[in-house]
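First comes the structure, then the notes that go with it.
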Amino acid sequence: QVQLVESGGGLVQAGGSLRLSCLASGSIFKGNAMYWYRQAPGKQRELVASITPDGRTTYADSVKGRLTISRDNIRNTVYLEMNSLKPEDTAVYYCRTIAATRVYWGQGTQVTVSS
């Protein structure tokens, strides 16, 4: 059973930091790009960051310089380091990957940033 399990969300004050983790099971992690998305209340889900198997990264303009995506290919885990958090970063954060043409999503982890 292929699964993506996110963790690390929580409540933090503006300017604070969090680190999200996404553990991938099965064989979907190796050789596949990994993505972090987020969905705020009343808004569409948006791509936050991505990382290729060899570590190349991309970021949404709204998070550049504050969020960092990384991956551990031994632990089958992708991380999202979140610094200088703003209230507008409040959302459910989801991990995603595509393996053998199938799309996989995690269950999401809530991040709430208070002003």
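The values are calculated or read from the model by the stated rules, or taken from the named source; none is laboratory data. Note that the structure is predicted; figures quoted are calculated from it, not measured. Backbone-built Cβ (ideal geometry, glycine too); neighbour counts: all protein chains shown. Side chains are part of the model used for accessible areas, which takes the heavy atoms of the whole protein and leaves out ligands, DNA and RNA. Shrake-Rupley method; radii C 1.70, N 1.55, O 1.52, S 1.80 Å.
How many of the residues making up the range 9-38 are under 17 Å from P87 (Cα atoms) and either part of a loop (DSSP other than H, G, I, E, B) or out of contact with any Asp or Glu (no Cβ under 7 Å at 6 or more places or on another chain) (or both)?
10
So in the range 57-114, with the set limited to residues that are of a type in the set (D, E) and in a strand (DSSP E or B), which one is nearest to the chain's Cα centre (by Cα)?
E81
Do we have T90 as over 23 Å from A14 (Cα atoms) and surrounded by 13 or more Cβ atoms within 10 Å (Cβ to Cβ) here?
Here the answer is no, as T90 does not meet what is asked.
Return the residues of the range 10-34 that are farther than 13 Å from Y79 by Cβ, open to solvent by 30 Å² or more (accessible area, probe 1.4 Å) and modelled with pLDDT of 95 or more; say none if nothing qualifies.
Answer for the range 10-34, where residues must be farther than 13 Å from Y79 by Cβ, open to solvent by 30 Å² or more (accessible area, probe 1.4 Å) and modelled with pLDDT of 95 or more: L11, Q13, A14, G15.
Could you list, ordered by first residue, the pairs with Cβ atoms under 6 Å in which the first is in the range 42-56 and modelled with pLDDT of 95 or more and the second is open to solvent by less than 70 Å² (accessible area, probe 1.4 Å) and in a loop (DSSP other than H, G, I, E, B), at least 6 apart or interchain?
Partner pairs satisfying both residue conditions: V48/A60; V48/V63; S50/A33; T52/A33.
May I ask you to list the residues in the range 103-112 that are touching a residue at least 12 places away in the same chain (Cβ under 8 Å) and loosely packed, with under 13 Cβ neighbours inside 10 Å?
Listed by number, the residues that qualify are Q107, Q110.
All but one of (1) within 24 Å of S114 (Cβ to Cβ); (2) under 15 Å from the mean Cα position of the chain (by Cα) hold for P41, so report the exception by its number.
Exception for P41: condition (2).
Does any residue of the range 68-82 turn out to be open to solvent by less than 50 Å² (accessible area, probe 1.4 Å) and on the phi > 0 side of the Ramachandran plot?
Among the residues of the range 68-82, at least one is open to solvent by less than 50 Å² (accessible area, probe 1.4 Å) and on the phi > 0 side of the Ramachandran plot, which makes the answer yes.
Within the group N73, N83, which residue is farther than 25 Å from G16 by Cα and out of contact with any His (no Cβ under 6 Å at 6 or more places or on another chain)?
Going through N73, N83 in turn, the sole match is N73.
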